[in-house]
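Before any comments, here is the structure.
The values are calculated or read from the model by the stated rules, or taken from the named source; none is laboratory data. Every value quoted in this text rests on a predicted model; they were computed, and no experiment measured them. Using ideal geometry, Cβ is built from the backbone for each residue, glycine included, and neighbour counts are taken over all protein chains shown. SASA here: full protein model, heavy atoms, side chains in, ligands and nucleic acids out. Shrake-Rupley method; radii C 1.70, N 1.55, O 1.52, S 1.80 Å.
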Amino acid sequence: MVKTLITCDCLGTQTIDAEALSQATGCDVRPACSALCTTQIDRAAEALTQGDTIFCCTQEAAVFEALAEELAVAPPPLLDLRDRAGWSDDPAPKLAKMSALTAEALLPAAPEKTMDVISDGLCLILGAPEVALPAAEALKDHLGVTVLLPEGSDIPDTRAYDVLTGQLRRARGALGQFEVVIDALRMVEPGGRGPLTLTEPRDGGVSECDILLDLRGAAPLFPAHEKREGYLRADPGHAAAVSAAVLAASHLTGTFEKVLHVRMEPLLCAHSRAEQTGCTRCLDLCPTGAITPAGEHVTVDPMICAGCGACSAVCPSGAITYDAPPVDEIMRRVQTLAQAYLKAGGTAPRLLAHDAHGAEMIRLAARHGAGLPADVIPLELPKLGAFGHAQIVAALGSGFASVSLLPGPGFERDAVEAQVALARAIGGDMAVQLLEPADPDAMTDVLYGEEAPAPVAQPVRPMGTQRQITRLAARALHPETEVLNLPAGAPYGAVLVDQESCTLCLSCVSLCPSGALGDNPDRPELRFQEDACLQCGLCANICPEDAIALQPRLDLTQAALSQRVLKEEEPFPCIECGALFGVKSTIERITEKLSSHAMFAGDKLRMIQMCDDCRVNAQFHAEDNPFAGKERPRPRTTDDYLSKRRDH
């Protein structure tokens, strides 16, 4: 069914060509209103009753939602064409950009995956008495409060909340499931007359709570503590911050929805094999510590995960993929934006990927500044960390001339900068930039002054995994190039083998998690398929001869898709039956080294040159057969028994 677009020129401050936009998008675009949210609200009401309508205004979302509730219909989907396209000092036509934004809005969104988190309101307050006790007084009517005071603190004469003294040793968990361990723990003895007394101290007291209110003024209990749900921390010397933390704690009771940000495929993980560590990219980058080793793979604690997306961007195998929204949905949005823009007559579009902070920057720049250039297409994402090198290169391969990343404050700098560096190595230095403007005007100054390179001559729409998309897009960007050199740590590359050191033991083959390294069942060979190599380092770590090194690069030729021989040798023929087994040079080397050994005197040295079957046969018939035992006792017969009877 054809969608209907209700547009508004916002009191004549933007120009919308409804007819041209209708032809470009295939939607039923009504003539633009001028005051849809006020004097022409009747048009909005009429459109709501007809269904399948998109309102091109996000500023007055509350007005349209209230109107929908009054009419007992579903609230309409909203599309921002004004701040992202219409309000701009760029004199170039905005039709292609509006068409692209409309096409993106028509894509179906994947349902969000969530889990329920239950908080019963059990709150543990940490801090000195002068700040922790007033906080407890403020929260005691709303939450189940326990206060942990430092050792030796005076105990208040109240049973409105629990008071402990001791030293916090460890805390872990998140909202609804914190676990704390307390040393020198002393609890209130409720009986007796006079001041409240405490129990004898004991170490290792374990307790659970739903909320942690940290007013100690000491170091945070968790890495990236501001992303740990249920953990509230405030400077005890800042009264306003303490009040804000107390207010926030009072609201953390009930059932909450926790978004499941990532999806795991443990079988694809290249973290370790045979207790040898390989890939640690996600472990090194996770800011909250939500990712931990779990045998040969890693595991993600969904309660601790803050959804930054860095793990998905760096994972070489796809064992961890971002799922809020899914990676394939992001790829589809990027390609739709490029395709719709070019189809509507636009040329050389530029992509601006941003988060919620960037969206606010764009709104401020549109209202109070120059707005975005007509060829800059914004792409809003929940977390910019999930927009890694694969997405950037895919955007360049789809027809974007450049890709700019606009992260918000507190972004994971190391993760984003590493992905930008890798994307530049593949897509070109001029085609990728990381923006950190101080204000909206500085952002627009950079975008208006950018000199982007020419886009790819033949845009592609690659499909598949992130690795496959990266490879196909890179081939489109560099049709005449065979190999791209990549920075250290890149998830693409070759395995280099020292021909002199390698003995073809094939330990690397048995541990390779992606199957990039293989053998030949008929000959002593080490084979390698470059496009499957994750550069996890397991092969280099396990090699007993230290004969393996890694070379980060991206081979764009067809040779990377097939196996090639890294090392091969002649097999050794068994001196008894002639069957081929082992490596000739290895057998000869071992024979030479053991020729003077006392345990291999005589014919025993020849056994090294025999296959398994012949070696066992030779040992069995040898005079000092290791399989030989004492002579077996003769079975007893009837004659043996009868011979002992006196009547016989």
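Name the residues in segment 484-506 that are in contact with a helix residue (DSSP H, G or I) (Cβ under 9 Å, 6 or more places away or on another chain) and open to solvent by 40 Å² or more (accessible area, probe 1.4 Å), would you?
Passing the criteria: N485, P487, G489, C505.
Which of the residues that make up segment 66-84 are surrounded by 14 or more Cβ atoms within 10 Å (Cβ to Cβ) and without any contact (Cβ under 8 Å) to a residue 24 or more places away in the chain?
A68, P75
Would you kindly identify the helices (runs of 4 or more DSSP H) lying entirely within segment 327-420 that contain at least 3 residues that are surrounded by fewer than 24 Cβ atoms within 10 Å (Cβ to Cβ)?
Numbers: elements: 327-343, 356-368, 389-398.
Correct list: 327-343, 356-368.
Return the pairs, sorted by first residue and then second, in which the second residue is assigned to a helix (DSSP H, G or I) and of a type outside the set (D, E), the first residue lies in segment 86-103 and is touching a residue at least 40 places away in the same chain (Cβ under 8 Å) and open to solvent by 40 Å² or more (accessible area, probe 1.4 Å), the beta carbons are less than 7 Å apart, and the residues are 6+ apart or on different chains.
L95/A20; L95/L21; L95/A24
With respect to A244, determine if the residue is without any contact (Cβ under 8 Å) to a residue 40 or more places away in the chain and either small (G, A, S) or assigned to a loop (DSSP other than H, G, I, E, B) (or both).
Details: without any contact (Cβ under 8 Å) to a residue 40 or more places away in the chain: yes; either small (G, A, S) or assigned to a loop (DSSP other than H, G, I, E, B) (or both): yes.
Yes: the conditions hold for A244.
Tell me, please, whether a residue that is buried (at least 19 other Cβ atoms within 10 Å of the Cβ) and either under 22 Å from V314 (Cβ atoms) or of a type in the set (F, W, Y) (or both) can be found in segment 475-482.
Yes, there is a match, as at least one residue in segment 475-482 is buried (at least 19 other Cβ atoms within 10 Å of the Cβ) and either under 22 Å from V314 (Cβ atoms) or of a type in the set (F, W, Y) (or both).
Which residues, taken from segment 455-474, are open to solvent by 20 Å² or more (accessible area, probe 1.4 Å) and not β-branched (V, I, T)? Before the answer, list the steps.
Applying the first criterion (open to solvent by 20 Å² or more (accessible area, probe 1.4 Å)) to segment 455-474 yields 455-461, 463-468, 471-472.
Across segment 455-474, the qualifying residues are P455, A457, Q458, P459, R461, M463, G464, Q466, R467, Q468, R471, L472.
What is the one condition in (1) in contact (Cβ under 8 Å) with a residue 40 or more places away in the chain; (2) within 21 Å of A96 (Cα to Cα); (3) of a type outside the set (F, W, Y) that M1 does not satisfy?
(2)
Considering segment 432-451 alone, what residues qualify as being open to solvent by less than 40 Å² (accessible area, probe 1.4 Å) and more than 25 Å from G397 (Cβ to Cβ)?
Matches in segment 432-451: P437, P440, A442, M443, T444.
Give all pairs with beta carbons closer than 8 Å in which a residue from segment 21-46 that is touching a residue at least 12 places away in the same chain (Cβ under 8 Å) and on the phi > 0 side of the Ramachandran plot meets a residue that is assigned to a loop (DSSP other than H, G, I, E, B) and open to solvent by 50 Å² or more (accessible area, probe 1.4 Å); count only pairs at least 6 apart in sequence or on separate chains.
G26/V2
Of everything in segment 194-241, what is of a type in the set (D, E, K, R), open to solvent by 50 Å² or more (accessible area, probe 1.4 Å) and in a loop (DSSP other than H, G, I, E, B)? Give them in sequence order. Give the steps one after another, and end with the answer.
So the first thing to find is which residues in segment 194-241 are of a type in the set (D, E, K, R), and the list is 200, 202-203, 208, 210, 214, 216, 226-229, 233, 235.
Pick out the ones that are also open to solvent by 50 Å² or more (accessible area, probe 1.4 Å) and you get 200, 202-203, 208, 216, 226-227, 229, 233, 235.
E200, D203, R216, E229, D235, listed by residue number.
Taking the criterion of being crowded, with 20+ Cβ neighbours inside 10 Å and assigned to a strand (DSSP E or B), would at least one residue in segment 136-145 satisfy it? Even if it seems obvious, please write down each step before you answer.
Taking segment 136-145 as the starting set, the residues that turn out to be crowded, with 20+ Cβ neighbours inside 10 Å are 136, 139, 143, 145.
From what's left, assigned to a strand (DSSP E or B): 145.
Scanning segment 136-145 turns up at least one residue that is crowded, with 20+ Cβ neighbours inside 10 Å and assigned to a strand (DSSP E or B).
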